[in-house]
Amino acid sequence: MIGLINYGCGNLRSLSNALTRLNHPFMLVCSPEETKLCDLLILPGVGSFQHGMKNLVDKGLHDSILEFVSSNKPLIGICLGCQLFMDSSSEFGLCKGLGLIPGSVVRLPSSSERVPNTGWKQVVSSDCSTLSPLSKIVDQSWMYFVHSYYCQPLVPSNLVAHCHHGTNQVTAVIQSGNIVGFQFHPEKSGDRGLDLLNQTINYLLDFTH
Amino acid sequence: MSTFRLISRLDVKPPFLVKGVHLEGVRKLGDPVVFADDYYLQGIDEIYYQDVVASLYGRSNLYSLVNDLSSRIFVPFALGGGIRSVDDIYMALDSGADKVTINSAAILDPSLINKSVHIFGSQCVSVAIEYTKLSTGKWTPLYHSGREKSHLDAVAWAAECSDRGAGEIILTSIDREGTKKGLDLELGLELQPNTSCPLLLHGGIGNAEHVLEAAVNGFSGVIISSALHFRLTSISQIRTLLTSRNISVRPAS
């Protein structure tokens with residue numbers, strides 16, 4: 001059973017539709033108790049980092065997500081969800097994240113391309129990620145991005161894939177063991193995106209069992 | 001390099017896809033779902049839905065259409081027309097839209113841009129500016145589907161929207177809209193140094209060359225209505241032309 005975390009910050013309908021299309025049973029998770037019913041959690045996200053963290057804390061989901069991953073169960077983060085995995089973000093002032101993957105979230109520079117980074121970009125494997133099966137799955141695929149901030153992981157092997165924004169390399173996929181984050185929206189990236197989501201779910205469920 | 005965005009716009013007067021000229025008159029073209037499905041299969045990057053009678057009723061009527069489409073079309077879409085408040089944005093996102101376009105409501109209360117961006121993030125909030133050129137040579141936005149004059153200067157208004165955090169600005173030339181005679185680039189070129197967010201052009205595309213013109217002039221993308229609805233060009237044709245001129249576009253899958 002996949003749990004789709006409902007914390008008032010996600011486009012749940014698109015992800016629900018994607019999971020339905022992929023025939024993965026899922027439920028909306030609104031409380032700490034409901035996280036315990038799931039084998040894999042997805043943290044979606046649209047909106048500001050501060051608003052996202054506040055909602056997770058207010059709904060009591062912050063601690064239950066940390067407990068979920070520490071019991072080696074898999075977690076996928078999408079867009080803001082992926083950013084919330086980091087230690088902190090500088091959006092609207094410094095704000096603490098979940099601290100699951102070392103690093104921070106910073107604003108995209110607007111020197112060589114406009115911000116938000118909006119549109120389809122080619123995702124390429126990062127050099128240090130050749131050992132991750134995920135890097136082979138995602139390499140050379142075109143995915144839809146729309147974001148103004150991005151993750152800067154401190155540990156090189158946590159960076160699985162990137163895209164380009166102007167002259168800058170921008171994190172597209174991060175992973176630390178049972179935790180995977182996508183900066184782009186696989187549920188909005190056509191058939192290839194749906195396929196990536198499906199393969200990632202299956203890979204993580206196998207990996208952690 | 002940024003990828004040039006090809007976006008289809010579907011004007012909807014439920015239950016029909018419609019098309020006007022200079023924002024006036026509505027000719028019924030058919031079922032919006034059929035058109036949307038076709039564009040998705042052709043590989044459109046994004047789809048923008050506009051409820052053309054929302055401001056008459058004071059609300060958007062497209063939530064159930066968006067709901068239906070989001071179960072079959074897995075590319076981003078925006079909902080515009082009648083989005084007036086943060087609550088309307090919640091409803092739009094809950095029904096499956098990825099972002100909203102606001103026009104009239106932002107002109108009447110510019111702080112709506114800041115409020116929405118703070119809650120939903122810039123990526124959810126596009127500001128649409130429908131403008132006309134005055135005899136003075138300046139441009140001015142109109143609102144309520146072109147029925148009301150804002151008395152604003154379009155350059156200053158767009159710069160303000162960008163400063164307030166709009167995720168992108170959509171410029172629709174009312175003078176060119178529906179004419180298929182090509183886009184107006186003038187206002188957009190004036191705005192490029194005054195804005196930091198993506199700029200999309202809309203209004204007047206009649207063929208693939210019109211799209212190329214926007215791309216080589218540094219715009220982020222175009223929104224295409226008539227040219228696709230009336231099959232004057234196709235997404236494949238546009239993609240081939242842009243690629244041949246070294247403009248980055250999403251490749252055919």
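The values are calculated or read from the model by the stated rules, or taken from the named source; none is laboratory data. The shown structure was predicted, so the numbers you read here are calculated from the model rather than taken from an experiment. Positions of Cβ are generated from backbone atoms using ideal geometry, with glycine treated the same way; all protein chains shown enter the neighbour counts. Quick note on the areas: whole protein, heavy atoms, side chains included, nothing else; ligands and nucleic acids left out. Shrake-Rupley method; radii C 1.70, N 1.55, O 1.52, S 1.80 Å.
Here are the numbers:
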| read-out | value |
| --- | --- |
| Neighbours by Cβ (under 7 Å, 6+ apart or cross-chain): first from the range A:1-24, more than 8 Å from chain B (Cβ to nearest Cβ) and part of a helix (DSSP H, G or I); second open to solvent by less than 30 Å² (accessible area, probe 1.4 Å) and not aromatic (Phe, Trp, Tyr) | A:Leu15/A:Leu4; A:Leu15/A:Ile42; A:Leu15/A:Pro44; A:Leu15/A:Glu187; A:Ser16/A:Leu4; A:Leu19/A:Ile2 |
| Matching option when the condition is farther than 23 Å from B:Tyr143 by Cβ, within 14 Å of chain A (Cβ to nearest Cβ) and open to solvent by 20 Å² or more (accessible area, probe 1.4 Å), among B:Arg245, B:Arg250 | B:Arg250 |
| Test for B:His210: is it modelled with pLDDT under 95 and either more than 14 Å from the chain's Cα centre (by Cα) or buried (at least 16 other Cβ atoms within 10 Å of the Cβ) (or both) | no |
| Neighbours by Cβ (under 7 Å, 6+ apart or cross-chain): first from the range B:24-38, farther than 23 Å from B:Glu130 by Cα; second open to solvent by less than 40 Å² (accessible area, probe 1.4 Å) and part of a loop (DSSP other than H, G, I, E, B) | B:Ala36/B:Ile73 |
| Strands (runs of 3 or more DSSP E) wholly inside the range A:103-192 containing at least 2 residues that are within 14 Å of another protein chain (Cβ to nearest Cβ) and either closer than 22 Å to B:Ser122 by Cβ or in contact with a strand residue (DSSP E or B) (Cβ under 9 Å, 6 or more places away or on another chain) (or both) | A:117-125, A:141-147, A:149-153, A:159-165, A:168-176 |
| Of all residues making up the range A:33-72, the number that are outside any helix (DSSP H, G or I), open to solvent by less than 50 Å² (accessible area, probe 1.4 Å) and away from every other protein chain (no Cβ under 14 Å) | 6 |
| Residue match in the range B:131-144 (condition: in contact (Cβ under 8 Å) with a residue 24 or more places away in the chain, among the β-branched types (Val, Ile, Thr) and more than 14 Å from chain A (Cβ to nearest Cβ)) | yes |
| Hey, B:Asp163 surrounded by fewer than 24 Cβ atoms within 10 Å (Cβ to Cβ), closer than 30 Å to A:Gly45 by Cα, within 14 Å of another protein chain (Cβ to nearest Cβ) and acidic (Asp, Glu) or not | yes |
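Every residue, every condition in (1) more than 19 Å from A:Glu187 (Cα to Cα); (2) surrounded by 24 or more Cβ atoms within 10 Å (Cβ to Cβ), yes or no:
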| residue | (1), (2) |
| --- | --- |
| B:Pro76 | no, yes |
| B:Gly81 | yes, yes |
| B:Asp94 | no, no |
| B:Thr101 | yes, yes |
| B:Ile107 | yes, no |
